[in-house]
Amino acid sequence: MNPPKILAFAGSTRSGSFNKQLIRVAADAARAAGAEVTLLDLRDLPLPLFDGDFETEHGLPDNAKKLKALFRDHHAFLIAAPEYNSSITGVLKNALDWASRSESDDEPALSAYRGKTAALLSASPGALGGLRGLVHLRAMLGNIGVIVLPDQVALPKAHEAFDAAGQLKDERPAKQVTALAQGLVSFLKKHLA
């Protein structure tokens, strides 16, 4: 069997994002567990705010088509989602919304999502580690056909968690992230065989 393909991305475009650091750690762990991992920066695929009138007049933006193709070409998603005001970021919601749109009348609904699997992480300077936003992301992904694994990682005090090389300083969260990535790869290997 070919290695499972995982698309890893953070729901942030900020260059110093703690969630971008966290997703790199998780992506490395998934690679070490035997997956082929593509690390995506949403900043590289800027999208306008979703607008049905814009879509009707212009169709899907090129970057939405590219994002959908990436989603379709991978078996699973590793998503590190920052928490903004107890929910997910606008940039993450916007990307997920654009990728949910059909490009033609004969395209199956939610083709970029149905049958995919996801593992979720979050990092925040706060004490809950972004946990409240993961609740919303889990519900949204489940509603559009993604199997979301029950385990997740919420990293509190993220401003103190990483060393200068972008690695987690403490063994406990490092093991949690590794276990989450390994769990996703293991699930995929069982279900793709």
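Could you list, in sequence order, all residues of the range 1-21 that are among the small types (Gly, Ala, Ser) and either surrounded by fewer than 23 Cβ atoms within 10 Å (Cβ to Cβ) or within 17 Å of residue 124 (Cβ to Cβ) (or both)?
Filtering the range 1-21 for residues among the small types (Gly, Ala, Ser) gives 8, 10-12, 15-17.
Those that are among the small types (Gly, Ala, Ser) and either surrounded by fewer than 23 Cβ atoms within 10 Å (Cβ to Cβ) or within 17 Å of residue 124 (Cβ to Cβ) (or both): 10, 11, 12, 15, 16, 17.
Quick one: would you say residue 185 is within 27 Å of residue 110 (Cβ to Cβ) and not basic (Lys, Arg)?
When the stated conditions are applied, residue 185 passes them.
Which of the following residues is under 26 Å from residue 25 (Cβ atoms) and either without any contact (Cβ under 8 Å) to a residue 40 or more places away in the chain or open to solvent by less than 50 Å² (accessible area, probe 1.4 Å) (or both): 100, 124, 111? Steps first, please.
Details: 100 fails: under 26 Å from residue 25 (Cβ atoms); 111 fails: under 26 Å from residue 25 (Cβ atoms).
Only one candidate qualifies: 124.
Please determine, by comparing only the residues of the range 151-180 that are under 14 Å from residue 126 (Cα atoms) and in a loop (DSSP other than H, G, I, E, B), which one is most open to solvent (accessible area, probe 1.4 Å).
Ranking the qualifying residues of the range 151-180, first place goes to 157.
Can you name every residue in the range 22-63 that is loosely packed, with under 13 Cβ neighbours inside 10 Å, under 30 Å from residue 125 (Cβ atoms) and over 17 Å from the mean Cα position of the chain (by Cα)?
Of everything in the range 22-63, just one residue is loosely packed, with under 13 Cβ neighbours inside 10 Å, under 30 Å from residue 125 (Cβ atoms) and over 17 Å from the mean Cα position of the chain (by Cα), namely 49.
Any chance you could count how many residues in the range 50-67 are of a type in the set (A, V, I, L, M) and closer than 22 Å to residue 80 by Cβ?
2
Would you please name the residue that is surrounded by the fewest Cβ atoms within 10 Å (Cβ to Cβ), looking only at residues in the range 64-89 that are in a helix (DSSP H, G or I) and in contact (Cβ under 8 Å) with a residue 24 or more places away in the chain?
The residue in question is 72.
Scan the range 92-119 residue by residue and report those that are closer than 14 Å to residue 142 by Cα and among the aliphatic types (A, V, I, L, M).
Once the filter is applied, which keeps residues that are closer than 14 Å to residue 142 by Cα and among the aliphatic types (A, V, I, L, M), the range 92-119 yields 96, 110, 112, 118, 119.
Looking for something β-branched (Val, Ile, Thr) and crowded, with 17+ Cβ neighbours inside 10 Å - is there at least one such residue anywhere in the range 132-142?
Just the residues of the range 132-142 that are β-branched (Val, Ile, Thr), to begin with: 135.
Still in the running and crowded, with 17+ Cβ neighbours inside 10 Å: none.
No, that holds for no residue.
If I ask for residues that are part of a loop (DSSP other than H, G, I, E, B), of a type in the set (S, T, N, Q) and under 13 Å from the mean Cα position of the chain (by Cα), which ones from the range 98-148 would you list?
none
Restricted to the range 35-56, and to residues that are part of a loop (DSSP other than H, G, I, E, B) and among the charged types (D, E, K, R), which residue is modelled with the highest pLDDT?
The extreme case among them is 41.
The values are calculated or read from the model by the stated rules, or taken from the named source; none is laboratory data. These figures come from a predicted structure and were not determined experimentally. Don't worry about glycine lacking a Cβ; one is built from the backbone with ideal geometry, like all the others, and counts go over all protein chains shown. The area values use the complete protein model at the heavy-atom level, side chains included, leaving out ligands, DNA and RNA. Shrake-Rupley method; radii C 1.70, N 1.55, O 1.52, S 1.80 Å.
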